[in-house]
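The structure under discussion appears below in the form of C-alpha cells.
The values are calculated or read from the model by the stated rules, or taken from the named source; none is laboratory data. On a predicted model such as this, the values are computed, not experimentally measured, just so you know. Cβ placement follows ideal geometry from the backbone for every residue including glycine, while neighbour counts extend to all protein chains displayed. Side chains included, ligands, DNA and RNA excluded: accessible areas come from the protein's heavy atoms. Shrake-Rupley method; radii C 1.70, N 1.55, O 1.52, S 1.80 Å.
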2 protein chains.
Amino acid sequence: MTDQHPSTPDEALPGEPSGGVRRARAALGRAVRSTLPGRGEARRAEERTLPEATVARLAVYLRVLSVLAEQGVTTVSSEELAAAAGVNSANLRKDLSHLGSYGTRGVGYEVAVLVDRIEGTLGLTRRLAVALIGVGNLGHALAGYGGFATRGFHIAALLDADPARVGERIAGLTVRHSDELPAVIRELDIAIGVIATPAHAAQDVCDQLVACGVTSILNFAPAVLAVPDGVDVRKVDLAIELQILSFHEQRKLRPGGPLEDVG
Amino acid sequence: MTDQHPSTPDEALPGEPSGGVRRARAALGRAVRSTLPGRGEARRAEERTLPEATVARLAVYLRVLSVLAEQGVTTVSSEELAAAAGVNSANLRKDLSHLGSYGTRGVGYEVAVLVDRIEGTLGLTRRLAVALIGVGNLGHALAGYGGFATRGFHIAALLDADPARVGERIAGLTVRHSDELPAVIRELDIAIGVIATPAHAAQDVCDQLVACGVTSILNFAPAVLAVPDGVDVRKVDLAIELQILSFHEQRKLRPGGPLEDVG
DNA sequence: AGATGTGAATAGTTTCACAGCA
DNA sequence: TGCTGTGAAACTATTCACATCT
C-alpha cells in the first residue's frame, strides 16, 4: 500500500513524513463465521467467508492467470501458478480450495475455469461504477489509467472542489464540482469512491460519500479516515511504503540484527 | 496497496483485470529471530527485530503524531493516539513497547519523544535517495509529489526509456535515459528504486536495480516481480485494491453470508 | 486514580506432510 | 506416478486483563 496526491499539485501524496493505514476498516471483512456455541446442526458447507489474506491473493492469481490465458496456456499446476504469483504452493491450493474444488488431481487447474471462479468470487462480473474525487496530479494519473475499464470497474465520474478544474475534460469525462457529489452518486449508482484529494479535505469527502451510502472507499490521501462500521476503507500510502522500506534498509546496514541469526 | 501506471499513458496501472501482490518479497523482513535449538545463553534483550505489522503501524503513528505536534499537543495517552490512528490501544501500547518504554504510567506519552523514537527506528534520519523509473502519467504525479522531501527521502533521479521523454524537466529534475540507470545509481547513491513503468518493462528494470545493488524496491507496475533473497519489494496495486473492495461490496449485497452471523 | 507495560488467551495465517483421487 | 485437497502443526498477530508504577 502506498499513495499519492490530491487535487492541488504538491501537498498531495502522503505529505507528512508520517505513514498511513494499510487497510483501515477492512477488518470488517474478516472471516466472520461465528461458531456460536449451542449450535451445530446442518450447517451449509458452502463457500462462507474467505480469509482476508486469501481475497487479496485471489486478485494476484487472477492477473497471473490472465497472462497465462493470453499465452494460450490452458492448464497449470499449483506449483507453477504459485511460483508465478510469488506464493507458496500449499498456500495457493488452500486459497483455491475455499472456492470449491476446481482442480484435477495428477493434472492441475484449468486456467479458464479458475479465471471464471475467481472473477465470480470477487464480484468482477458486475462492473462497478467508481467516482474519483480530486483530479490533481495523482487524480489525473488515476483517471487516465487504462486498467480500470479492463475488467470489473469503470470510472463514472470525476469531481474536484477547485472551480478552476471543473469543466475540464479528462479521459472522456468532464470534471464536476464536489458539491454535486450526492447527485452524482445517485445518478450514476456509484459503488466505490476513490479519494485523491489533499489530506485536509479527505475526511470531509469521506463523510459525504458515507452519507450518500457509499460503503467502499479507496483512499490515496495521507490521512487516517474515520468511518462507521460497515464501511470498508482501503488506504494507499506512498510515504508508509517508503518508510517500511527505509526500516528494512536500515536493518541491512547495521550488523546489530544479524547477530541473532548467527547464534 | 494499490497501484498506478507507467511511462506510457494508459496500459499503465494494474492494466489487466488481475490483481497484484500486496507485498511481494517483503516477507524477508519478518521478525527473524531464529530461536536456534541448542542455544539459550545470554541473549541481548534489546530491540531486536520488530514485527512487520508493527513497522507498518509505526509509520501511521508517526503521521498522527506529527499532526498532534503541529497542534501544540505535547502529551497523548495510548487511548487517544490509538483512536486517531484507527487501532486498538493495547495494540498500540504493545507496538510502542517494542521500542522500549517511553511512556509514563498514569500520564501517557510525550509526543516529541515518540516522534524521535519512531523516526530513529524507521531510519528516517538518513534521508535516502530515491530513483523513479518511468515518468508517464503516474510517474509524473509521483515526481511532483511534495511529501517525498518532507522527511526521510528525496527523489534524486528520474529515468525513462522513451527518448521523447529524456531531457524533460520535472520538479526540478531532468529526465535521463534508462540506460543510464547503473551510472545514476552509483553517482547518486540510490537506496530505493520506484518502478512506475508499464508492466512489461517492470521485471527488466527491477533486474537492473538489483544488479546495481539496490535492495529496496517500490513497484507500481501491475506485475509480480521476481527478486533474489535479500531484496525487499513492496507493491502498490490499484486493481487489487479495487478488487478487494469489490469482493466486500458483493458480500454486503447478497444475504447469503449474514445467515451465519445470525445463527 | 489513571495509564502504561505485558503475560496469557485468542484469532488469523502459513506451511508441512500426506491421504486420496485421476 | 503426480498433483490436488486438507488436517495438523507452526507461526504471527491481536486483544484481554491486570499487575505495576506515577
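Of note:
- Centroid-to-centroid, using Cα positions, the stretch A:113-157 and the stretch A:53-108 are 22 Å apart.
- Placing a label point 7 Å from Cα along the Cα-to-Cβ direction at B:Ser89 gives distances to the equivalent points in the other copies of 5.0 nm, listed shortest first.
- Share of carbon and sulfur in the accessible heavy-atom surface of the stretch B:51-122 [1.4 Å probe, %]: 49 percent
- Over 21 Å [Cα-Cα, the stretch B:51-122], rounded percent: 11 percent
- One quarter of the convex hull surface built on the alpha carbon atoms of the stretch A:125-241 amounts to 7.2 nm², the projected area averaged over directions.
- Each other residue within a Cβ distance under 13 Å of A:Leu181 adds +1 if Lys or Arg and -1 if Asp or Glu, for a net charge of -4.
- Probe 1.4 Å, protein heavy atoms only - accessible area per residue of the stretch A:123-263 in square angstrom: 35 Å²
- Computed with a 1.4 Å probe on the full set of protein chains, the accessible area for A:Thr104 sits at about 80 Å².
- Over the stretch A:150-240, relative contact order from alpha-carbon pairs under 8 Å, at least 6 apart, %: 20 percent
- In terms of accessible area, using a 1.4 Å probe and ignoring ligands and nucleic acids, A:His200, B:His177, A:His154 rank largest first as A:His200, A:His154, B:His177.
- Estimated buried accessible area (total), pair B and A, 1.4 Å, Å² to nearest 100: 8500 Å²
- Alpha-carbon centroid distance for the pair the stretch A:171-219 / the stretch B:162-193, whole angstrom: 36 Å
- Simple spin-label estimate for B:Ala226 and A:Ser77 in nanometres, 7 Å along Cα-Cβ: 1.6 nm
- Accessible area of B:Glu79 in the full protein assembly, 1.4 Å probe (Å², nearest 10): 120 Å²
- Amide H contacts of A:Tyr145 (H built 1.01 Å from N, under 5 Å, at least 5 apart or other chain): none
- Sorted from nearest, the other copies put their A:Glu110 label points 6.8 nm away, the label point being 7 Å from Cα in the direction of Cβ.
- For the residues A:Arg186, B:Arg93, B:Arg151, A:Arg165, a 1.4 Å probe over the protein chains yields an accessible-area ranking, largest first, of A:Arg186, B:Arg93, B:Arg151, A:Arg165.
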